[in-house]
Amino acid sequence: MTNERSTILVVEDDRATRTFLADNLTADGYELIATGSAREALRLVETRFPDLAIVDLGLPDRDGLDVLREIRAADGIATRIDPALPLLVLSGRVGELHRLRGFDRGADDVLGKPFSYPELRARVAALLRRSERRRDRGRMRVGPLEVDPAARTVALHGTRLDLSQREFALLRTLATDPVRVFTKDELLRNIWGFRAIGSTRTLDSHACRLRAKLSRDGERFVVNVWGVGYRLVDGPVGSRAAEAGVADEPESLEELDEPDEPSAAAPDEAGAS
Ligand code: CA
């Protein structure tokens, strides 16, 4: 089922479940790392670079949701934790609210207990396939814009751009899915960490600077979807270049409360509200 052996981290304090998962996933060809502690889980993510983590929410030392939050909050710069690590949550807490909370904290998938092993295996395989495709792509190309996450470089029309670490992290996130709208909370969580939630002005000012740096040749990247968040492009790249208004860095933070286009929002943006 897997071409190369992917490493899976199982974070589950119940010994029987942990052993069951480890044995079965090993038999299915995966490399396994297992722990029953949240603290140890974070250490293993940072030192062993698993390809996917299965995280139980009820852990003795910390809530499994904290593990998710810390992983997603990693900036990929200061720590070696990969904030994009695929996360499958096992939740013994039944109910929609808990499932939603798992997704809210960054789970890629949530499976309630008791679970069926074939279903878990199928979901694990699907998550790994998705992240492999993402990795295969490696360099992300959006029209004339090229983002190389490994080398941490950005080029526009072949010319290297000088971005700050946060600007780069923001661009890298947006470029993973160029037309998708990323909510402000999501971006803050991914790039600044959980504590930053609510300080949308920090995000807005970085987005504004990033947009200015990417708008040098009139292209329109980093689209503010008013009241929701940002996306990298709002349509086929190139066709809208002419109408791009290069956003200057705001004189004061107050300006950030105003839409970045002085005129009424374009119809496609208005549709998002
Ligand atoms: Ca548990």
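The values are calculated or read from the model by the stated rules, or taken from the named source; none is laboratory data. Bear in mind the structure is a predicted one, so any value in this text is a computation, not a measurement. Neighbour counts are summed over all protein chains in view; Cβ atoms, including those assigned to glycine, are modelled from backbone coordinates with ideal geometry.
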**OP:** Note down all Cβ pairs under 9 Å where the first residue falls in the range 6-19 and is at pLDDT 95 or above and basic (Lys, Arg), the second is assigned to a loop (DSSP other than H, G, I, E, B) and within 13 Å of the ligand (Cβ to nearest atom), and they're at least six residues apart or on different chains.
**Re:** Arg15/Gly36; Arg18/Glu12; Arg18/Gly36
**OP:** Run down Gly158, Gly193 and say which single residue is on the phi > 0 side of the Ramachandran plot and exposed (fewer than 15 other Cβ atoms within 10 Å of the Cβ).
**Re:** Gly158
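For (1) outside any helix (DSSP H, G or I); (2) within 15 Å of the ligand (Cβ to nearest atom), each residue gets a yes or a no:
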{"residue": "Phe20", "(1), (2)": "no, yes"}
{"residue": "Asn24", "(1), (2)": "no, no"}
{"residue": "Asp61", "(1), (2)": "yes, yes"}
{"residue": "Leu68", "(1), (2)": "no, yes"}
{"residue": "Ile81", "(1), (2)": "yes, no"}
{"residue": "Gly106", "(1), (2)": "yes, no"}
Subject >> Whichever residue in the range 84-99 is part of a loop (DSSP other than H, G, I, E, B) and under 22 Å from Ile191 (Cα atoms) and, among such residues, is farthest from the ligand (Cβ to nearest atom) >> reply: Ala84
**OP:** Collect the residues in the range 40-59 that are part of a loop (DSSP other than H, G, I, E, B), surrounded by 21 or more Cβ atoms within 10 Å (Cβ to Cβ) and within 16 Å of the ligand (Cβ to nearest atom), keeping them in residue-number order.
**Re:** Leu57, Leu59
